[in-house]
1. Taking +1 at the Cβ of each Lys and Arg and -1 at the Cβ of each Asp and Glu, which of 329, 231, 265 sits farthest along the dipole of the chain towards its positive end, judged by Cα position relative to the Cα centre?
2. With θ taken as phi - 60° and the coefficients 6.51, -1.76 and 1.60, list the Karplus ³J(HN,Hα) couplings across the range 281-289 in order, rounded to whole Hz; mark glycine and proline as x.
3. So what is log10(I(q)/I(0)) for the range 40-134 at q = 0.14, 0.15, 0.18 1/Å, when the Debye sum runs over its Cα atoms only?
4. Could you sort out which of 164/208; 101/129; 107/129; 107/149 sit more than 19 Å apart by Cα distance in this structure?
5. Of the peptides 225-234, 262-271, how do they stack up when ordered by the mean number of other Cβ atoms within 10 Å, highest first?
6. Measuring with a 1.4 Å probe in the full set of protein chains, what accessible area per residue, in whole Å², belongs to the chain?
7. So if the hydrodynamic radius of the range 93-227 is defined as the Kirkwood radius over C-alpha pairs, what does Stokes-Einstein give as its diffusion coefficient at 25 °C and 0.890 mPa s, in µm² per second?
8. Report the Cα-based extents of the range 190-349 along its three principal axes, largest first, to the nearest Å.
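The values are calculated or read from the model by the stated rules, or taken from the named source; none is laboratory data. In this text the structure is predicted, and so the values were computed from the model without any measurement. Don't worry about glycine lacking a Cβ; one is built from the backbone with ideal geometry, like all the others, and counts go over all protein chains shown. When the accessible area is computed, the model is the full protein with side chains, heavy atoms only, and any ligands, DNA or RNA have been set aside. Shrake-Rupley method; radii C 1.70, N 1.55, O 1.52, S 1.80 Å.
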Amino acid sequence: MKIQIFAILLLLLPLPLVFAQVTDTQSTLGVKLTNTAPFVYKDEEGYTVVIGELENTKSLPINNVKVWVGFYSNKATGSFEVPLETVTGNSLLDVIPPKGKSPFIIKSNTPNPEISEVTMKVVGFNAAKQKQLQLDIEPGSLVIGETIKLGAKIINTGSNTIQKISVHLIGYDAFIPPRIVGIQTVSLDQIESGKSQNISFDAVMNNKASSFKVIAESADSQSKMISVNDVSLESPTRLITINDVEVTDNADRISKIKLGQSVDIVSHLSIFSSSKNPKQDYVYYAQVRQFGEKSQVEFIGFTEGKFESIEPQTATISWTPQNEGSFFIETYVWDPNSVALAAPSKTISIILVTP
């Protein structure tokens, strides 16, 4: 059985992001972008790449979903009136199931250095025949290192041989709502009825990816979107843990804040190292989200630090609430290149902001 591996995105360079403006067409099309600020970057050849996710809000399967992207320069006038170029692309999945999601990747036609702004909108789709859920995925452990490594078993649960199967590994960043920041694809020639095939990913993905999902699709069959829950770092000898996240005022832990009152978001960090004198720079992020169904981000802050011994450290970020309501906090620790050094913290108790 021949297995072909190729990378849709081999390398996402840490270049300045391009501004993305989204036109919301959900009310008219029933298809929307899951994030109003999709990931936009310049690749190593200078092309501008837009990578995002579409959601089918309808109760029927759809295909031929088209996303229009305009690439602009604001160098002269700062307006969005005349694009330098436009591209219309499609969803990665051939068929998006009812209430399902699919990534998309759209690239500029030229490596134009003047492209600095992007606007996009969903412009069409067709009703489609539902693909049979005859593919199962059993992901193994995913290891984050210089490359992303993952093994998985693909199972044909149908009564016929399934041919030309594409399996996609999708990487998301840590913030809410998460953005897709990389995709890798493995191709299988065929899997006979009742049989399975083992596949593996070992390729470069954007180092901001901290959570992952996999999905498989052929001409007539699909799998469900499966989360990869077993994620670890390649070098567990330098693993940081986040403990005891709390909000304090003058070192006293609090759960209620006055509007405009400055408080500290505090976490205690520990490092596991084979050396008594580890050298590990880190960036500690705190994200405050509004409690509720939409869970909008209220605040993101960060501070930098460095471990030079195995002694625990305390990381502190100041936050001044600008809106009333109930909020909860998530914290993350990455290295200076945005590679995760710790699992995201568990959310703390709800923080109430009052007048």
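1. 231
2. 6, 8, 10, 9, 10, 10, 10, 9, 10
3. Per q value, in the given order, log10 I(q)/I(0) is -0.57, -0.63, -0.80.
4. Working: 164/208 30 Å; 101/129 16 Å; 107/129 28 Å; 107/149 26 Å.
Over 19 Å Cα-Cα: 164/208; 107/129; 107/149.
5. Working: 225-234: 14.4, 262-271: 18.6.
Top to bottom by mean Cβ count within 10 Å: 262-271, 225-234.
6. Working: 17490 Å² over 355 residues.
Value for the chain: 49 Å² per residue.
7. Values: Rh = 16.5 Å.
Rounded, D is 149 µm²/s.
8. The Cα atoms of the range 190-349 stretch 65, 45, 22 Å along their principal axes.
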